[in-house]
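K.L.:
Structure incoming, see below.
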Amino acid sequence: MSIQDVSIIGAGLAGLTLALALHQQSIPVTVYESRPSPLNIGGAVMLSPNALKVLDALDLYDIIKTKGYNFDDLHYRNSKGDLLETYEFGSVQKYGYQGLRIYRYVLIDELVAALKTRGVNVTYGSKFSHVVQDTASHVTFALTDNTTVTTSLLVGADGIHSTVRKYLYPDLATKFIGMAGITASVPTAQLKLPEDYHIPVTITSPRGAFVIAPQQVDGSEVLIGKQMRVSTADKQPGWDREFVADKNSAIQFLQSDNDEFPDFVKQAVSQINPAKVNKWPFFVVPKLDKWMSETTRVVILGDAAHAIPPSAGQGINQAFEDVYMLALILGQGDRVRRVQAGLEFWQSYRQGRVDKILELNAQIDKRRMPKDDALVGEGSGLESEEFELGWLYSPDFGKDVDDWVKMQSQEI
């Protein structure tokens, strides 16, 4: 399998992590980012053991674990305060890592610093335009400044509205699933939580659920949020941009219909800075037959290939799995006979885990929406099956790749 170099479109978390993983495999790589500087978008991400195992293998975990909030469990409680269920997001004893909530920009800064130390080139202000030529041995693509680049493999790590994906699926449209996450960040002290009240927590009521998740290293800030049903029946194209920009309606939503929640929820929403508000419409990418071109020289991954709603907090975690598995396979060199065989195994392996994540999301959505919600369907609320997460948090990527390579060699 001959991959001489890789070009990555997108310097978000997936693209930067892929670059680091490829460098570890001694594969030359360049990242192209349309923005003029590293991303500095708001919000934090929840990293579970499956992703932290990847970052540990890339020598980043010891750095980032000191820059976020470490925790094990998410509690589900009813409005009376009764503990209904515990959802594991990490455990050193069981999975090797606690869960970690860390600001996205902090993680990006650490990735950028690691790549700079290793001499990996990230080119900012370079926007992908189109594929010029896609052959069995290389691909040539153009940037919007008319520069062309020839590379062994082009990877689209450019998000849910991927421009690289348009080359593979010119007519594909992302699908809005009718729900949005409405969140804000407020000081933890504002809530006046009862002593020893565990957070993160999802508080359920017949009208829905309220989420509280600590942020900052010391937990001095919390994310608060609810899920909103959104109809697009009377909306025009581009509605989501206007929806996201309207912060006042988000505040009104967070402050409404809270009578059944504890007093600290009402205190949480009593003062909200519009600058600390986010609205996240939940889009998905229809299940794709191929994450690569016919020649296998153009590949998409992360949200570009399988955008996952954030219900289980697995969107970025699954992107990290994508990039690490891809780097391990490409790093096998001549142990893999054909690029196509390696990439087909990669997609099959990854699609199987993504499918299970979507099933897990459905379980969680049932808990977060009102009982018998029209969108989620019958079975909404907590009358749902229990979580079993060992399959998610304890993968052995290296062994799985090695087993596949050995099996393939036996078939020669």
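K.L.:
Please specify each residue of region 2-39 satisfying the condition of being of a type outside the set (Ser, Thr, Tyr), surrounded by fewer than 23 Cβ atoms within 10 Å (Cβ to Cβ) and in a loop (DSSP other than H, G, I, E, B).
P.N.:
Those that are of a type outside the set (Ser, Thr, Tyr), surrounded by fewer than 23 Cβ atoms within 10 Å (Cβ to Cβ) and in a loop (DSSP other than H, G, I, E, B): 3, 4, 5, 25, 27, 28, 35, 36, 38, 39.
K.L.:
Right, next: Anything in region 215-240 that is loosely packed, with under 14 Cβ neighbours inside 10 Å and either of a type in the set (S, T, N, Q) or under 24 Å from residue 365 (Cα atoms) (or both)? List them, or say none.
P.N.:
220, 231, 232, 233, 236
K.L.:
Could you check how many residues of region 104-135 are buried (at least 19 other Cβ atoms within 10 Å of the Cβ) and aromatic (Phe, Trp, Tyr)?
P.N.:
Residues that pass the stated criteria total 1.
K.L.:
So, in region 179-194, exactly how many residues are out of contact with any strand residue (DSSP E or B) (no Cβ under 8 Å at 6 or more places or on another chain) and either crowded, with 21+ Cβ neighbours inside 10 Å or on the phi < 0 side of the Ramachandran plot (or both)?
P.N.:
Result for region 179-194: 4.
K.L.:
Exactly one condition in (1) open to solvent by 60 Å² or more (accessible area, probe 1.4 Å); (2) modelled with pLDDT of 90 or more; (3) of a type outside the set (D, E, K, R) is not met by residue 157; state its number.
P.N.:
All conditions pass for residue 157, except number (1).
K.L.:
Return yes when residue 67 is closer than 22 Å to residue 193 by Cα and of a type in the set (Lys, Arg) and no when it is not.
P.N.:
Values: closer than 22 Å to residue 193 by Cα: no; of a type in the set (Lys, Arg): yes.
The answer is no for residue 67.
Conditions (1) in a loop (DSSP other than H, G, I, E, B); (2) in contact with a Ser or Thr (Cβ under 8 Å, 6 or more places away or on another chain), marked per residue:
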position: 67; (1), (2): yes, no
position: 81; (1), (2): yes, no
position: 86; (1), (2): no, no
position: 102; (1), (2): no, no
position: 123; (1), (2): no, yes
position: 131; (1), (2): no, yes
position: 161; (1), (2): yes, yes
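K.L.:
Then there's this: Pull up region 195-214, narrow it to residues that are in contact with a helix residue (DSSP H, G or I) (Cβ under 9 Å, 6 or more places away or on another chain) and farther than 24 Å from residue 283 by Cβ, then point me to the one that is most open to solvent (accessible area, probe 1.4 Å). Break it down into steps so the answer makes sense when it comes.
P.N.:
Going residue by residue through region 195-214, those that are in contact with a helix residue (DSSP H, G or I) (Cβ under 9 Å, 6 or more places away or on another chain) are 197, 199, 202-204, 208-212, 214.
Among the residues that remain, those that are also farther than 24 Å from residue 283 by Cβ are: 197, 199, 203-204, 212, 214.
Values: 197: 43, 199: 23, 203: 0, 204: 17, 212: 0, 214: 2 Å².
The residue in question is 197.
K.L.:
Select from region 52-82 the residues that are of a type in the set (Asp, Glu) and free of Cβ contacts under 8 Å to residues at least 12 places away in the same chain and write down the one among them that is nearest to residue 100 (Cα to Cα). Quick ask: steps written out before the conclusion?
P.N.:
Step one: filter region 52-82 for residues of a type in the set (Asp, Glu), giving 56, 59, 62, 72-73, 82.
Next, only the ones that are free of Cβ contacts under 8 Å to residues at least 12 places away in the same chain stay: 62, 82.
Details: 62: 12, 82: 25 Å.
By that ranking, first place goes to 62.
K.L.:
Follow-up. Mind listing whichever residues of region 297-316 are open to solvent by less than 10 Å² (accessible area, probe 1.4 Å) and at pLDDT 95 or above?
P.N.:
298, 299, 300, 301, 302, 304, 305
K.L.:
Which one is nearest to residue 325 (Cα to Cα) among residues in region 401-412 that are assigned to a helix (DSSP H, G or I) and open to solvent by 50 Å² or more (accessible area, probe 1.4 Å)?
P.N.:
Here the residue is 403.
K.L.:
Contact list please: Cβ distance under 8 Å, first residue in region 329-351 and farther than 17 Å from residue 287 by Cα, second residue of a type in the set (Gly, Ala, Ser) and surrounded by 15 or more Cβ atoms within 10 Å (Cβ to Cβ), pairs at least six apart or on different chains.
P.N.:
Within 8 Å, the pairs are 329/342; 330/342; 332/342; 336/342.
K.L.:
Which pairs do you get when a residue that is in contact (Cβ under 8 Å) with a residue 12 or more places away in the chain and within 16 Å of residue 20 (Cβ to Cβ), found in region 101-120, comes within reach of a residue that is of a type in the set (A, V, I, L, M) and open to solvent by 40 Å² or more (accessible area, probe 1.4 Å), reach meaning Cβ atoms under 6 angstrom, with the pair 6+ apart or on two chains?
P.N.:
Note: pairs meeting the criteria are 110/63.
K.L.:
Determine which single condition residue 217 fails, assuming it passes every other condition in (1) at positive phi; (2) touching a strand residue (DSSP E or B) at 6+ places or on another chain (Cβ under 8 Å).
P.N.:
Among (1) at positive phi; (2) touching a strand residue (DSSP E or B) at 6+ places or on another chain (Cβ under 8 Å), residue 217 violates only (1).
The values are calculated or read from the model by the stated rules, or taken from the named source; none is laboratory data. Remember, predicted model here, so these are calculated numbers, not experimental data. Positions of Cβ are generated from backbone atoms using ideal geometry, with glycine treated the same way; all protein chains shown enter the neighbour counts. We work out accessible area using only protein heavy atoms, side chains counted, and drop any ligands, DNA or RNA first. Shrake-Rupley method; radii C 1.70, N 1.55, O 1.52, S 1.80 Å.
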